[in-house]
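Report on the following structure.
Any read-out appearing in this document is the output of simple, stated calculations on the displayed coordinates, not a laboratory observation. This structure is a prediction, so every number in the text was calculated from the model and none was measured. We place every Cβ from the backbone using ideal geometry, glycine too, and count neighbours over all the protein chains shown.
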Amino acid sequence: LDQASLAKDTHLVVPKGMDLLLYVLGQTRHVSQADLELQAISILRSTIDPYLRFLSLWLFHGQCSQSDIEYGIQTNESFLAARDRGFWINAYNNVYDQYAHSYQNVDRPLDIAYITTKVVACGKALNLLRICSPSHPLCTYGVKFRSKLEVVVTPLQERNLRLTSVS
């Protein structure tokens, strides 16, 4: 942007959360030169790391906070302590359900509403399982279940990830 553009637009909106991730993904998916490809991968990894931390906390530990709204989950704190149908329906909600029509017509590399719907449902199901049966194998940290998500981009990183998940 040039100085004149910045002077006119004093409210420059910087994307964050899922919008930032989708923006970077859209900008980097057609990079083909080797030097630029490595930079694009680095930028994408840096952008996706906070989302993967959010997913790890949400799916493996059942933790979600108000700041996670940028990833599409809205927390209603008045229902978090409920142990009835209210918890299941109201404690955690998909933000994109409210905006389904506006997100359907936007050109995006991924279906953000669909992904978030699945993430919310999976997290809710695991939270309910933790409440009903805390000793269930999906709720404990056994050998088969990892509590950290990673993006693998090279064969060496993939091999190292496979070796660490076996041990």
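If packing is taken as the average count of other Cβ atoms within 10 Å, what order do 112-121, 77-86 fall into, highest mean first? Can you show the working numbers first?
Details: 112-121: 16.6, 77-86: 11.3.
The most tightly packed comes first, giving 112-121, 77-86.
Residue by residue through segment 112-122, which ³J(HN,Hα) values in whole Hz follow from phi under the Karplus form 6.51 cos²θ - 1.76 cosθ + 1.60 (θ = phi - 60°), with glycine and proline marked x?
For segment 112-122, the Karplus curve yields 4, 5, 5, 4, 5, 4, 5, 5, 4, 5, 5 Hz.
Using 0.36 nm per residue of separation minus the Cα-Cα distance, give me the extension gain between D97 and R159 in nm, one decimal.
On the way: separation 62, 0.36 × 62 = 22.32 nm, distance 3.85 nm.
Difference between extended and current length: 18.5 nm.
May I ask you to derive the FRET efficiency for N76 and I131 from their Cβ-Cβ distance with R0 = 25 Å, giving the value to the nearest 0.05? Mind dumping the intermediate values first?
Values: r = 17 Å, r/R0 = 0.66.
Once the sixth-power term is evaluated, E becomes 0.90.
Would you mind counting up the charge near S65? Only other residues with Cβ under 14 Å from its Cβ, with Lys and Arg at +1 and Asp and Glu at -1. Display every interim value, and only then the final one.
Values: positive: R53; negative: D68, E70, E77.
For residues surrounding S65, the net value is -2.
Spelling out what I want: for every residue of segment 18-28, take phi, set θ = phi - 60°, compute 6.51 cos²θ - 1.76 cosθ + 1.60 (Karplus), and round to whole Hz; glycine and proline get x.
5, 5, 5, 4, 5, 5, 5, 4, x, 7, 9
Just to be sure I follow: if Rg is taken over the C-alpha atoms of segment 33-87 and Rh is the Kirkwood radius over the same atoms, what is Rg/Rh? It would help to have the intermediate numbers written out before the result.
On the way: Rg = 16.6 Å, Rh = 13.5 Å.
Result for segment 33-87 is an Rg/Rh of 1.23.
Highest mean first, how do 13-23, 130-140 rank when packing is the count of other Cβ atoms within 10 Å averaged over residues?
Working: 13-23: 14.5, 130-140: 11.4.
With the highest mean Cβ count within 10 Å placed first, the list reads 13-23, 130-140.
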